[in-house]
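Shown next, in structure tokens, is the structure this report addresses.
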Amino acid sequence: MANVGLQPKWEGKSCAKLAGCKAEQVWLLLQDFFGLDKWFPSLTTCLPVEGVSGQPGCVRFCAGFKTPVSGSDKGSMNWTKQKLLSIDPIKMVFSYSIVDGNVGFNAYVSTVRVLSNEHGCDIEWKYEVEPVKGWTLGDLDFFIASGLQVMAQRMEAALQVFQATMDQ
């Protein structure tokens, strides 16, 4: 039987530049798997469900974020449970999947990486997911890209304050 009607997974990648920030500094902020609410815009809750933050198999509960199609949600809070699949502190990369939630993300897997560059570093966020009902790939690209840009700005600002304090 042919796979008639099956759509290929959506895939995308976003990148944010952090000027004057060392990759190792940004990695220390990102590797805190249970601390995403410190950085991601409109995410009000990020709590441990199981495991130890930064160890493969740990699960976090994230809630309160807005999505491009949240208006059709009739006021319910968006939430997901996310499982850390792998982490490599030497290569500064981790992967996670969404294992449950109410936003319609099925078979979602992301890989987040920090890369050094001549002016600081980049955060690269790659993802793949089955097509999401009520969304377009453009909606998902916008959601991830805009969220990553705010995360990068917040991390950059926090590291600048830290550095200014250390220089005193």
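What follows draws every value from the coordinates through simple rules; no lab data is involved. All values derive from a computational prediction rather than experimental measurement. Ideal geometry is used to build each Cβ from the backbone, glycine not excepted, and the neighbour counts take in all protein chains shown.
Brief remarks follow.
- Any hit, the stretch 149-167, residues being surrounded by 14 or more Cβ atoms within 10 Å (Cβ to Cβ) and hydroxyl-bearing (Ser, Thr, Tyr): no
- Within the stretch 98-119, the residues that satisfy the criterion of being surrounded by 18 or more Cβ atoms within 10 Å (Cβ to Cβ) and part of a strand (DSSP E or B) are ILE98, SER110, VAL112, ARG113, VAL114.
- Residue among GLY12, GLY54 that alone is part of a loop (DSSP other than H, G, I, E, B) and either over 21 Å from TRP135 (Cα atoms) or in contact with a strand residue (DSSP E or B) (Cβ under 6 Å, 6 or more places away or on another chain) (or both): GLY54
- Residues of the stretch 9-37 classified as farther than 22 Å from TYR108 by Cβ and buried (at least 17 other Cβ atoms within 10 Å of the Cβ), total: 7
- In the stretch 120-157, of all residues being of a type in the set (D, E, K, R) and part of a helix (DSSP H, G or I), the one that is farthest from LEU18 (Cα to Cα) corresponds to ASP139.
- When VAL99, VAL109, VAL93 are checked against the criterion of being among the β-branched types (Val, Ile, Thr), closer than 26 Å to LEU18 by Cβ and touching a residue at least 24 places away in the same chain (Cβ under 8 Å), VAL109 stands alone in meeting it.
- Filter result for PRO131 (farther than 23 Å from LYS9 by Cα and either basic (Lys, Arg) or touching a residue at least 40 places away in the same chain (Cβ under 8 Å) (or both)): no
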